[in-house]
Amino acid sequence: MQLAKTFFLMICVGLLTVVVIWPARPAQAQDAGDQGSWSAPEGASADYLNQNVATPPMAIAGCWSGTVTDAADPTGTATFEFHQNKSRKKLRIGSTFNFHWGDGAMAEGPLKGSVTSTGFTFKGNAGATCKVSGSAVGNDTGLTGTVVFAGNCADLFQNVTFSIAPGC
């Protein structure tokens, strides 16, 4: 009987030793249960893994110039002066637009708006009775856009488009 107890004890110690010393297997995706799983290609960069990270607004601060056209006037010049807030998302006080056509027509004034990673939108005025709104898309080397005039100047400026690049 003593021999049977010793034998049983040795088997238990042996099994315990195997369980404690044997290396644990790494967790597998199927072990997650309903947690789901994911993987990336071998050597994937942080950029690949963070594709959903928002792109910051364009840095358009400064003077941009180019051309402006509308339905009734010849091609003219367009100048924008952009002042951005610290996050670059908003156009600050001091931002302006200035359109001059060859026949003497012109519109200029302050603007405010927002900037995205692909362009900007704005509202402004060329006097109390001439409201202006517009938008442009592009990149840091050039932007093209449209402008809508409302109020007393809406009949004078129609189908207005512009194309601008950094520098004046």
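Bear in mind that the values in this text are calculations on the coordinates, not laboratory data. In this text, all values refer to a predicted model and were calculated from it rather than measured experimentally. No Cβ is skipped: glycine too gets one built from the backbone with ideal geometry, and neighbour counts run over all protein chains shown.
Quote to one decimal, in nm, the extra length available between VAL137 and CYS63 on full extension: 0.36 nm per residue of separation minus the C-alpha distance between them. Don't jump to the answer; show the numbers that get you there.
Details: separation 74, 0.36 × 74 = 26.64 nm, distance 1.64 nm.
Result for the pair: 25.0 nm of gain on full extension.
How large is ³J(HN,Hα) for each residue in region 139-144, as worked out from phi by the Karplus curve 6.51 cos²θ - 1.76 cosθ + 1.60 (θ = phi - 60°), to whole Hz, x for Gly and Pro?
Per residue, the Karplus-derived 3J(HN,Hα) values read 9, 6, 10, x, 10, 10 Hz.
So, in region 62-166, how many Lys pairs have Cα atoms under 14 Å apart, if the pair is 8 or more places apart or on different chains? Intermediate values should be presented prior to the final figure.
Values: LYS89/LYS112; LYS90/LYS112; LYS90/LYS123; LYS112/LYS123; LYS112/LYS131; LYS123/LYS131.
Close lysine pairs found across region 62-166: 6.
Less than 14 Å Cβ to Cβ from PHE122, Lys/Arg counted +1 and Asp/Glu -1: what total charge do the surrounding residues give?
Numbers: positive: LYS89, LYS90, ARG92, LYS112, LYS123, LYS131; negative: GLU81, GLU108.
That sum, taken over residues with Cβ under 14 Å, equals +4.
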